[in-house]
Amino acid sequence: MTAPSTVKLLPGTEAPDFALTDARGETHSLSDYRGKNVVVYFYPKAATPGCTTEACDFRDSLASFKGHGYEVLGVSPDSQEAISSFADDFSLTFPLLADEDHKVALAYGAWGEKLLDGEVVEGIVRSTVVVDPEGKVKLAKYQVAAEGHVSELKSELGL
């Protein structure tokens, strides 16, 4: 059904660095988070039902993630304006990053072909990559479901 990009990040490999702008216009680089665990999750489109469910689950679990030393970053191909509205509308208090040219999603294996309404399209394949304090991939999950993903992730990480 889905044929995402061929690049998949594997545990133990170096996570690609990036520099993306958040909803407020501030730049975030993965290297800024060195020394911390980071959950980088890729979602297709701000304010759509599945993406809203997932983002709100991350928001509602943010204290648990932070309490266990994890930062959360959401990445989508949306514009800064779109992610700003999304963050404001749903009180999302973690950084949402604009990857408008989808280069970061591609580098992380989160961009590729997928089935949408019976049609094959190219876009974000909902994915999550957890990066350890040294910048190495701790966990990489591809083609995750929006609903229940955060709960499953917390369980896998022992939170």
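The values are calculated or read from the model by the stated rules, or taken from the named source; none is laboratory data. These figures come from a predicted structure and were not determined experimentally. Because the Cβ atoms are built from the backbone with ideal geometry, glycine has one as well, and the counts that use them run over all protein chains shown. Quick note on the areas: whole protein, heavy atoms, side chains included, nothing else; ligands and nucleic acids left out. Shrake-Rupley method; radii C 1.70, N 1.55, O 1.52, S 1.80 Å.
Which ones in the stretch 142-159 are exposed (fewer than 13 other Cβ atoms within 10 Å of the Cβ) and either of a type in the set (Phe, Trp, Tyr) or assigned to a loop (DSSP other than H, G, I, E, B) (or both)?
145, 147, 148, 158
Which members of the stretch 32-69 meet the condition of being open to solvent by less than 10 Å² (accessible area, probe 1.4 Å) and part of a strand (DSSP E or B)?
38, 39, 40, 41, 42
As an exercise: evaluate residue 78 against (1) acidic (Asp, Glu); (2) more than 20 Å from residue 129 (Cβ to Cβ); (3) not in a helix (DSSP H, G or I) and give the number of the one condition it does not meet.
Against the list (1) acidic (Asp, Glu); (2) more than 20 Å from residue 129 (Cβ to Cβ); (3) not in a helix (DSSP H, G or I), residue 78 comes up short only on (2).
Which residue pairs have Cβ atoms under 7 Å apart, sit 6 or more places apart or on different chains, and have a first residue in the stretch 122-137 that is open to solvent by 10 Å² or more (accessible area, probe 1.4 Å) and a second that is in a strand (DSSP E or B)?
Correct list of pairs: 122/112; 122/113; 126/42; 132/37; 132/138; 133/37; 136/14.
Does residue 139 qualify as being aliphatic (A, V, I, L, M), in a strand (DSSP E or B), in contact with a Ser or Thr (Cβ under 8 Å, 6 or more places away or on another chain) and modelled with pLDDT under 95?
No; evaluated as a whole, the condition is false for this residue.
Just wondering, is there one or more residues in the stretch 107-118 that are part of a loop (DSSP other than H, G, I, E, B), farther than 14 Å from residue 55 by Cβ and free of Cβ contacts under 8 Å to residues at least 12 places away in the same chain? Step through it out loud before you land on a result.
Taking the stretch 107-118 as the starting set, the residues that turn out to be part of a loop (DSSP other than H, G, I, E, B) are 108-110, 117-118.
Adding the requirement that they be farther than 14 Å from residue 55 by Cβ leaves 108-110, 117-118.
Still in the list and also free of Cβ contacts under 8 Å to residues at least 12 places away in the same chain: 117-118.
Yes, the stretch 107-118 contains at least one residue that is part of a loop (DSSP other than H, G, I, E, B), farther than 14 Å from residue 55 by Cβ and free of Cβ contacts under 8 Å to residues at least 12 places away in the same chain.
Quick one: in the stretch 74-97, of everything that is over 10 Å from residue 55 (Cα atoms) and open to solvent by less than 20 Å² (accessible area, probe 1.4 Å), which residue is nearest to the chain's Cα centre (by Cα)?
Checked the stretch 74-97; the qualifying residue nearest to the chain's Cα centre (by Cα) is 75.
Any residue that is under 18 Å from residue 144 (Cβ atoms), open to solvent by less than 40 Å² (accessible area, probe 1.4 Å) and modelled with pLDDT of 95 or more - is there at least one of those in the stretch 10-20? Let's see the steps before the verdict.
Quick first cut of the stretch 10-20, residues under 18 Å from residue 144 (Cβ atoms) only: 10-11, 15.
Imposing the further condition that a residue be open to solvent by less than 40 Å² (accessible area, probe 1.4 Å) reduces the set to 15.
Subset that is modelled with pLDDT of 95 or more: 15.
Among the residues of the stretch 10-20, at least one is under 18 Å from residue 144 (Cβ atoms), open to solvent by less than 40 Å² (accessible area, probe 1.4 Å) and modelled with pLDDT of 95 or more, which makes the answer yes.
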